[in-house]
Amino acid sequence: MQSFNYLAPHSQNELCQVLCNTAGKIIAGGTDMLPQMRNLKQTPSTLIDISHISDLRYIQESEDEVLIGALTTWSDILESPLIQKTAPALAQAASLVGAPMTRNRGTIGGNLGNASPAADSLPPLLTLDAIVHLNSQSGQRQVPLRNFLTGPGTTDLKADEYIQQVSYKKVALPFGNVFNKLGPRQGMTISIASVAVLLALDANGKITLARIALGAVAPTAVRCPDAEAFLLGKEPSTELWQEAAHQVRKAIAPIDDVRGTQEYRHHIAGILTRRALQTAYLSLQE
Ligand SMILES: Cc1cc2nc3c(=O)[nH]c(=O)nc-3n(C[C@H](O)[C@H](O)[C@H](O)COP(=O)(O)OP(=O)(O)OC[C@H]3O[C@@H](n4cnc5c(N)ncnc54)[C@H](O)[C@@H]3O)c2cc1C
């Protein structure tokens, strides 16, 4: 690891000043940054440790939305009754991230900032039409998550900005919201492919809301609008899930890498989608 200057602001005001005056790199839990620094993939001249800014760690609700501070850990998310109720797929994703040690250190802001196509917060948050709130000395701005992600490991974040929080509008109950991922092994694993779905039905059992998002099968995590539109107004059935999975396979553009081939990812993405739709549907029958 190369040597670096170290700054540790204790408030958001201080952080804004530091980011305005220093070409530094933010570190939160360090579970992505430290391995990348050890591998020399990141060689920051200044490291800006935001982990002491306690007012960036919260899960709050207003009448119609939920707000998650950037320093909220995976463990906080997993244990939150509010997240379990309003974003069950995000709680499921949290339960599958790394081991307890990683879940206690790793933050949602870090998962968004790292912007891996395989990052597990992204498919659940995409099904919720989440908004990323950015802050800097020149003011705040809000960016839909789908626009925030610009490529593998790249985002719309400017050099003087930090992620303050992520928010989503509450979806009217009842709805089914499910996350599935497949990795090279059962636990402690980065996704080969992942999927989140959100499903709601009307009184006649027809689909009124269908959102499907996938991770690790394109340069960024993606929504599948064609498959979603295909499902609307239809009655759930095994054949319907199969056809939606087919539409998803057409929409994605996976790559070969150490974790899986393009063909395998295509195959798996369809299976995960079909299972997630079925599970979301069954959760609505309970
Ligand atoms: C053993 C292990 C297992 C893992 N398993 C999983 C897994 O199953 N699923 C998964 O998705 N990830 C996994 N990860 C990756 C990692 O734990 C997560 O991405 C985690 O959420 C990163 O959060 P962090 O706070 O540690 O980020 P950091 O490492 O501190 O930062 C990551 C990136 O985000 C930027 N950043 C952090 N916070 C902010 C902010 N507030 N504003 C702007 N930029 C910011 C940093 O500059 C950096 O570029 C694993 C990592 C390890 C080491």
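The values are calculated or read from the model by the stated rules, or taken from the named source; none is laboratory data. Everything numeric here is computed off the predicted structure, so don't read it as measured data. Heads up, the Cβs are rebuilt from the backbone with ideal geometry, glycines too, and the neighbour counts pull from every protein chain shown.
A few remarks follow.
- When residues of the stretch 14-42 are limited to those that are charged (D, E, K, R) and more than 20 Å from Ala118 (Cα to Cα), the one farthest from the ligand (Cβ to nearest atom): Glu14
- Single unsatisfied condition, Ala87 versus (1) under 21 Å from Ala276 (Cα atoms); (2) within 14 Å of the ligand (Cβ to nearest atom): (2)
- Candidate set from the stretch 158-183 (those that are closer than 25 Å to Gly270 by Cα and out of contact with any helix residue (DSSP H, G or I) (no Cβ under 7 Å at 6 or more places or on another chain)); member that is modelled with the lowest pLDDT: Gly183
- Scanning the stretch 161-173 for residues that are surrounded by fewer than 18 Cβ atoms within 10 Å (Cβ to Cβ) and of a type in the set (D, E, K, R), we see that the one that is nearest to the ligand (Cβ to nearest atom) is Lys169.
- Single match in Ser75, Ser45 (criterion: closer than 27 Å to Met1 by Cβ and not assigned by TED's automatic domain parsing to the domain that holds Ser11): Ser75
- When the stretch 37-61 is filtered for residues that are among the hydroxyl-bearing types (Ser, Thr, Tyr) and either touching a residue at least 40 places away in the same chain (Cβ under 8 Å) or not in a helix (DSSP H, G or I) (or both), the ones remaining, listed by number, are Thr43, Ser45, Thr46, Ser51, Tyr58.
Table: residues versus (1) touching a Pro at 6+ places or on another chain (Cβ under 9 Å); (2) assigned by TED's automatic domain parsing to the domain that holds Tyr281; (3) among the hydroxyl-bearing types (Ser, Thr, Tyr); (4) at pLDDT 95 or above.
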residue: Lys206; (1), (2), (3), (4): yes, yes, no, yes
residue: Ala210; (1), (2), (3), (4): no, yes, no, yes
residue: Leu214; (1), (2), (3), (4): yes, yes, no, yes
residue: Pro219; (1), (2), (3), (4): yes, yes, no, no
residue: Lys234; (1), (2), (3), (4): no, yes, no, yes
residue: Leu240; (1), (2), (3), (4): no, yes, no, yes
residue: Ala244; (1), (2), (3), (4): no, yes, no, yes
residue: Arg249; (1), (2), (3), (4): no, yes, no, no
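- Residue in the stretch 59-67 that is hydrophobic (A, V, I, L, M, F, W, C) and within 12 Å of the ligand (Cβ to nearest atom) present: no
- Subset tally (residues that are over 25 Å from Thr273 (Cβ atoms) and more than 6 Å from the ligand (Cβ to nearest atom)) for the stretch 93-130: 5
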